[in-house]
Amino acid sequence: GLVSTGKVERGGGKPFHTVINGENFHALEALTFTHRGKFDAIYIDPPYNTGARDWKYNNNYVEGDDQYRHSKWLAMMERRLLVARQLLNFEDSVLIATIDEKEYLRLGLLLEQTFPEAEVQLVSSVINPSGAARASAFRRTDEYIFFVFLGSCGPKELPLPVEWRITRDRRAEKLRWDGLLRSGSNTQREDSPNQFYPIYAEERDGVASVHSIGEPFFGDGWEAQSSPYGTVAIWPIRRNGTEGNWQISATNASKLLEAGYLKLGKWREQDTTVSYIKRGGITKIESGVFPVVGRAADNSVIVDDSNYESRFIPGTQWRLPSHSAEQGGTKLLRNLLPDRSFPFPKSLYAVEDALRFFVTDKPDATVLDFFSGSGTTAHAVMRLNKQDGGRRQCISVTNNEAGADEQAKLRKDGLRPGDPDWERWGICDYITKPRIEAAITGQTPKGQPIKGDYKFTDEFPMADGFEENAEFFTLTYETPIAVSHNRAFKR
């Protein structure tokens, strides 16, 4: 059952974000009754199994010298992922999981095994630009993000801030003319025989232009073919003299020529280069992203791409200042909870960006994080909602374990799990719930305005908070007889 332990209301009729204090496997099983097949995204940051005492197996901390450490971690993860699988919308959803070098190989195999019908992709993300020291090894600067795409899901092209542009080819920000002669693979004439044809070109008053497109030529003797009067034939011949092929058919080349999407380079007679605009560029022209402002002397289009708002899907190496775990994680959390600490919180902006590619077009998306830790995922969903007026909801699950060192101190003081003075130091009550409440209200747990501003995509004072709602629950274990007798059914 779920027992409410408090709520924060600033969002009017918007859905409530939910924080569940409980063992995440049991919470996942409970969600199969209410959210089976309903989640649009799952974001998890599971324990990295570094050898430190950062997670438990069967209520015991797993030590670094445990010879079954890796298999215990895999068993723990598999059990939860199999239930999480039931919660995702298989028509269009994504599972995002972060990990470091200790378990990324095993996690990758486990994801492939658990989601055999999905597309799985790995991204390397720099989270510590200065690097964490490793004995007799290179300094570690990055971690890894697995993206599991289900159904039609895939990252969307977005207008991204300038900092993202280091991850892409800047030539894409301008209208790009590509060479018509095929390069790379399948470059020989026999690879595409019907794309071996002449392009008849001419030069008048210093302007090189295409006169017409010839028919595909099969067999030998192409060198002896005649050209229309006053023109030369440009054949797809490679630099080494071998017979190649054009990128497109003669029929499509004629259509592009008529539309102004095919042109010549500097006049060099039969060696003149031929360029064309690919489908992506044509889409930008015809949708008005690159408006046509005129025609050149050869009838090729002239566009205005000076004000292009770059929309793109980045590559698989992310090196962004906003993703620094120190600045966007540790220091930001310190602003929210000045007197409290949490080990290695995720950068708020890194989580926000990872989700952005999949929920931008889903203003009512439902997101799950069942290793919620400090509550970064819910905080990121709130920021996404503010940026576009969305009503996305995040369900966060975390336990109320105190840290290993803290537990030793509490036991020394004669306290045990379940005692109020023990529970108040647990991660859910001490970090997760206060962090989400502080983010919404704009005030620290002591009632002071939060210092500092949010940065990057959406800059505003943290003290402004968010127009959001959140409710906090504790997972309870009800007796079957109490449920069947309707005494605990409501919970």
Revision key, fill the gap. Those strands (runs of 3 or more DSSP E) completely within the stretch 1-87 that have 2 or more residues that are modelled with pLDDT of 95 or more and closer than 20 Å to LEU110 by Cα are 41-44
Review point. When you look at PRO216, is it in contact with a helix residue (DSSP H, G or I) (Cβ under 9 Å, 6 or more places away or on another chain), closer than 21 Å to THR187 by Cα and either of a type in the set (A, V, I, L, M, F, W, C) or buried (at least 18 other Cβ atoms within 10 Å of the Cβ) (or both), yes or no?
Key: no
Check your understanding: Restricting attention to the stretch 232-253, which residues are crowded, with 17+ Cβ neighbours inside 10 Å and closer than 14 Å to GLN270 by Cα?
Key -> VAL232, ALA233, ILE234, TRP235, PRO236, ILE237
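Residue-by-condition table, conditions (1) closer than 14 Å to ASN21 by Cβ; (2) of a type in the set (Gly, Ala, Ser):
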site	(1), (2)
ALA438	no, yes
THR444	no, no
TYR477	yes, no
ILE481	no, no
Point to revise | Out of GLU459, GLU423, sole residue that is surrounded by fewer than 13 Cβ atoms within 10 Å (Cβ to Cβ) and either hydrophobic (A, V, I, L, M, F, W, C) or in contact with an Asp or Glu (Cβ under 7 Å, 6 or more places away or on another chain) (or both) | key: GLU459
Check your understanding: Given the structure, is THR366 open to solvent by 10 Å² or more (accessible area, probe 1.4 Å) and closer than 18 Å to TYR43 by Cβ?
Key -> yes
Check your understanding: Out of (1) in contact with a strand residue (DSSP E or B) (Cβ under 9 Å, 6 or more places away or on another chain); (2) over 14 Å from SER212 (Cβ atoms), the odd one out for PRO228 is which?
Key -> (2)
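Give the residue that is most open to solvent (accessible area, probe 1.4 Å), with candidates limited to residues of the stretch 254-280 that are of a type in the set (Lys, Arg) and more than 19 Å from ASN299 (Cβ to Cβ).
By that ranking, first place goes to ARG279.
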**Study point:** Criterion: more than 22 Å from PHE147 (Cβ to Cβ) and either modelled with pLDDT of 95 or more or open to solvent by 10 Å² or more (accessible area, probe 1.4 Å) (or both) - qualifying residue of ARG340, ARG392, ARG383
**Key:** ARG340
Exercise for review: Kindly indicate the residue of the stretch 231-274 that is of a type in the set (Gly, Ala, Ser) and not in a helix (DSSP H, G or I) and also nearest to ALA208 (Cα to Cα) among those meeting that condition.
Suggested key: GLY265
Exercise for review: Please tell me if PHE149 is hydrophobic (A, V, I, L, M, F, W, C) and open to solvent by less than 40 Å² (accessible area, probe 1.4 Å).
Suggested key: yes
Review point. Is there a residue in the stretch 434-453 that is over 30 Å from VAL359 (Cβ atoms), acidic (Asp, Glu) and not in a helix (DSSP H, G or I)?
Key: no
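Kindly indicate whether ARG416 is out of contact with any strand residue (DSSP E or B) (no Cβ under 8 Å at 6 or more places or on another chain), in a loop (DSSP other than H, G, I, E, B) and surrounded by fewer than 17 Cβ atoms within 10 Å (Cβ to Cβ).
Details: out of contact with any strand residue (DSSP E or B) (no Cβ under 8 Å at 6 or more places or on another chain): yes; in a loop (DSSP other than H, G, I, E, B): yes; surrounded by fewer than 17 Cβ atoms within 10 Å (Cβ to Cβ): yes.
Against the criterion (out of contact with any strand residue (DSSP E or B) (no Cβ under 8 Å at 6 or more places or on another chain), in a loop (DSSP other than H, G, I, E, B) and surrounded by fewer than 17 Cβ atoms within 10 Å (Cβ to Cβ)), ARG416 qualifies.
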Review point. Any residue at all in the stretch 114-126 that is in contact with a Phe, Trp or Tyr (Cβ under 7 Å, 6 or more places away or on another chain) and assigned to a loop (DSSP other than H, G, I, E, B)?
Key: yes
Check your understanding: Which one is most open to solvent (accessible area, probe 1.4 Å) among residues in the stretch 464-491 that are within 23 Å of SER396 (Cβ to Cβ) and outside any loop (DSSP other than H, G, I, E, B)?
Key -> ASP464
Exercise for review: Would you mind finding the one in VAL359, VAL367, VAL303, VAL381 that is hydrophobic (A, V, I, L, M, F, W, C) and in contact with a His (Cβ under 8 Å, 6 or more places away or on another chain)?
Suggested key: VAL381
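The values are calculated or read from the model by the stated rules, or taken from the named source; none is laboratory data. Model, not experiment: these values are computed from the prediction. Note that each Cβ is placed from the backbone with ideal geometry, even for glycine, and that neighbours are counted across all protein chains shown. Side chains included, ligands, DNA and RNA excluded: accessible areas come from the protein's heavy atoms. Shrake-Rupley method; radii C 1.70, N 1.55, O 1.52, S 1.80 Å.
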